[in-house]
Amino acid sequence: MAKTLSFSDESSQSVKHGDTTTVFDLVCGDDNVPTDLSDVTGITIKIGSDLGKVSDKEIDLTTLDDPETGVVKLKFDTDLMTNLTVGKYQLEVWVTDSNGTSIYPSDGTLQFQINSSLE
């Protein structure tokens with residue numbers, strides 16, 4: 001079974017540099033069927049560029065609104081945005097539970113863009 005990762009239908013797929021209010025809704029799945037995240041013990045989003053890993057973002061598990069839907073929210077707060085510049089990025093979601101660590105997606109990464117602002 002392949003682990004899949006996608007943006008929700010309502011989610012943005014890009015953010016302007018310096019915007020600390022944008023949230024990506026990421027859907028973890030198994031063959032595109034949402035994964036139940038109710039019993040996870042940790043979630044980390046890893047962000048990289050063509051040069052390698054740029055940043056990690058630990059997800060507060062209490063922010064999972066409906067764990068059965070597989071949705072993880074990535075908020076571009078000030079701490080995260082300071083590590084990112086304008087350009088193309090990739091991300092993975094690392095989910096830990098009693099069985100070990102699952103990395104979404106199984107193949108490749110999920111792509112997103114940081115666009116320039118007037119600043």
Residue pairs meeting the criteria (Cβ under 7 Å; at least 6 apart or on separate chains; first among the charged types (D, E, K, R), in the range 1-17; second open to solvent by 50 Å² or more (accessible area, probe 1.4 Å) and outside any loop (DSSP other than H, G, I, E, B)):
K3/I103; K16/N115
Over 25 Å from T21 (Cβ atoms) and either in contact with a helix residue (DSSP H, G or I) (Cβ under 9 Å, 6 or more places away or on another chain) or not basic (K, R) (or both), is that true of S55?
no
Complete set of residues in the range 39-59 that are hydroxyl-bearing (S, T, Y) and at pLDDT 95 or above
T41, T44
What number goes with the only condition from (1) touching a residue at least 60 places away in the same chain (Cβ under 8 Å); (2) touching a helix residue (DSSP H, G or I) at 6+ places or on another chain (Cβ under 7 Å) that T109 does not pass?
(2)
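The values are calculated or read from the model by the stated rules, or taken from the named source; none is laboratory data. Owing to the predicted nature of the structure, the values given are computational and were not obtained by experimental measurement. Neighbour counts run over all protein chains shown; Cβ positions are idealised from the backbone, glycine included. In case anyone asks, the SASA skips ligands and DNA or RNA and just uses the protein heavy atoms, side chains included. Shrake-Rupley method; radii C 1.70, N 1.55, O 1.52, S 1.80 Å.
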